[in-house]
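Novice: Have a look at the structure that comes next, please.
The values are calculated or read from the model by the stated rules, or taken from the named source; none is laboratory data. Predicted model only: the values in this text are computed from it and were never measured. Glycine gets a Cβ as well: all are built from the backbone with ideal geometry, and neighbour counts include every protein chain shown.
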Amino acid sequence: MPIIPGTTQFASTTDPSTWEPFETAQEGAFDTPVDGLGFVFTADDPLVGVDLDDCRDPDAERPTAWVAEILDTLNSYAEVSPSGTGYHVLATGTLPDGRNRAGDIELYDRARFFTVTGDHVAVTPETIEARSDAIATVVEEELAPTTSTSTHTASATGETTDTESAAETASADAATASTTAAVPISDDELLERARNAANGEKFTRLWDGTTSGYESHSEADLALCRLLAFWTAEDHSRIDRLFRQSGLYREKWDNVHYADGSTYGEKTIERAVASTDDVYTPPEAESGAAATPAAGSEAATSTTESATTADPSRGDTNPVGDDGLSNPSPTPSEGESLPPTHPERAQARHERIIELTDRIEALMEENDRLRTELEAERQRRHQLEATLEESSGGWWPFANE
């Protein structure tokens, strides 16, 4: 329960008149029998607090597996909570709207307070870092409402019928065949094209396991999966197969992270596909589409029928020659619309994709540059704050107001 520093009166997390600066609160902590110092989160500051309960063994002094992953994802200042059985993580950023608590995890950015211990968790940074993307990842992975995604339908007796199972298998096989056919090239060829694309340097860095430029390993995982979603035409199983060959793959990929039984890898692929607006269409797919007419279409009629219906006197563009074979159709003249499967149309689309990719890559490089400059400025500020803190003899992780 918060109290006004230097008194025994209750304080309120929504009433600024009951708060005091750090120095005053620190003095009050020595003069009044209290358990510690508390920090109030407000809408006017950029801080987000993550409260993790019942996840630390005080004797072993180490976190449970699921919390260790959260600490790794957030990668910002963290300390042991007053109870010794949990953690408090402090970061700057934006807390997404919606749920902010579930089970043993809570996230706050206003109208709450943390009792600060100063018992820093050694594996985390000593400074409060900007982590909006990481916070969003934790919210999505740990707080998002879960829905049943079971692929089995129970019969009246509670057992899955053979007919239902067969239908599900056939549907899954059809979906796999459909997406695989969209990029009918080998994995090695696909990876080679990805490396040689306009953003091939980025792909190669991620493929080799480099996470620099990303707030956490999880953000790098998502970035690689987004690239694979483009190159595989959003083929979930192929994305999974390729990711396992990359330098980013780790045991966490197969860990169940959600109440519906989904693994971290499955949800990462799902998020990557959901955010992919365009996919790669190789020339092989275009050629295959042009060479395989739909059954029952006019293009599927026999050569004999074509021979009996073609009439050179009417100026038909596909008359039958003396050898009984159709002469090839002439290339459409300038100004005529080319069919979607025409090589020139395919090449134009490919060039457009490269152009857009170059623009996106340039914007991302500019964003990285600005992030670097911002981080350098934050480090400079933290150093100044640390100097001021040392001069005041305190360990308070926040800026002295």
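Novice: Within segment 31-42, does at least one residue satisfy the condition of being among the aliphatic types (A, V, I, L, M), within 39 Å of the chain's Cα centre (by Cα) and surrounded by 12 or more Cβ atoms within 10 Å (Cβ to Cβ)?
Specialist: Yes, the conditions are met somewhere in segment 31-42.
Novice: Can you tell me which of Gly118, Gly103, Gly98 is in the same structural domain as Arg62 (by TED's automatic domain parsing) and farther than 16 Å from Glu141 by Cβ?
Specialist: Going through Gly118, Gly103, Gly98 in turn, the sole match is Gly118.
Novice: Tally up the residues in segment 366-401 that are surrounded by 11 or more Cβ atoms within 10 Å (Cβ to Cβ), charged (D, E, K, R) and modelled with pLDDT of 70 or more, please.
Specialist: So the answer is 6.
Novice: To continue, here is another question. Within segment 57-76, is even one residue within 24 Å of Tyr264 (Cβ to Cβ), in contact (Cβ under 8 Å) with a residue 40 or more places away in the chain and in contact with a His (Cβ under 7 Å, 6 or more places away or on another chain)?
Specialist: yes
Novice: Residue under question is Asn75, and the condition is that it be buried (at least 19 other Cβ atoms within 10 Å of the Cβ) and either at pLDDT below 85 or over 27 Å from Gln26 (Cβ atoms) (or both); does it hold?
Specialist: Yes, satisfied.
Novice: OK, next. Select from segment 29-41 the residues that are closer than 16 Å to Thr115 by Cβ, in contact (Cβ under 8 Å) with a residue 24 or more places away in the chain and not hydrophobic (A, V, I, L, M, F, W, C) and list them in ascending order.
Specialist: Within segment 29-41, Thr32, Asp35, Gly36, Gly38 qualify.
Novice: May I ask you to list the residues in segment 1-41 that are β-branched (Val, Ile, Thr), part of a loop (DSSP other than H, G, I, E, B) and touching a strand residue (DSSP E or B) at 6+ places or on another chain (Cβ under 6 Å)?
Specialist: Thr13
Novice: Still on this structure: Which of the residues that make up segment 1-27 are closer than 20 Å to Glu385 by Cα and β-branched (Val, Ile, Thr)?
Specialist: Result: Thr24, single match.
Novice: Taking helices (runs of 4 or more DSSP H) that do not extend beyond segment 184-276, which have at least 2 residues that are at positive phi and either out of contact with any helix residue (DSSP H, G or I) (no Cβ under 6 Å at 6 or more places or on another chain) or modelled with pLDDT under 90 (or both)?
Specialist: none
Novice: Can you tell me how many residues within segment 6-23 are without any contact (Cβ under 8 Å) to a residue 24 or more places away in the chain and polar (S, T, N, Q)?
Specialist: Residues in segment 6-23 being without any contact (Cβ under 8 Å) to a residue 24 or more places away in the chain and polar (S, T, N, Q): 4 in total.
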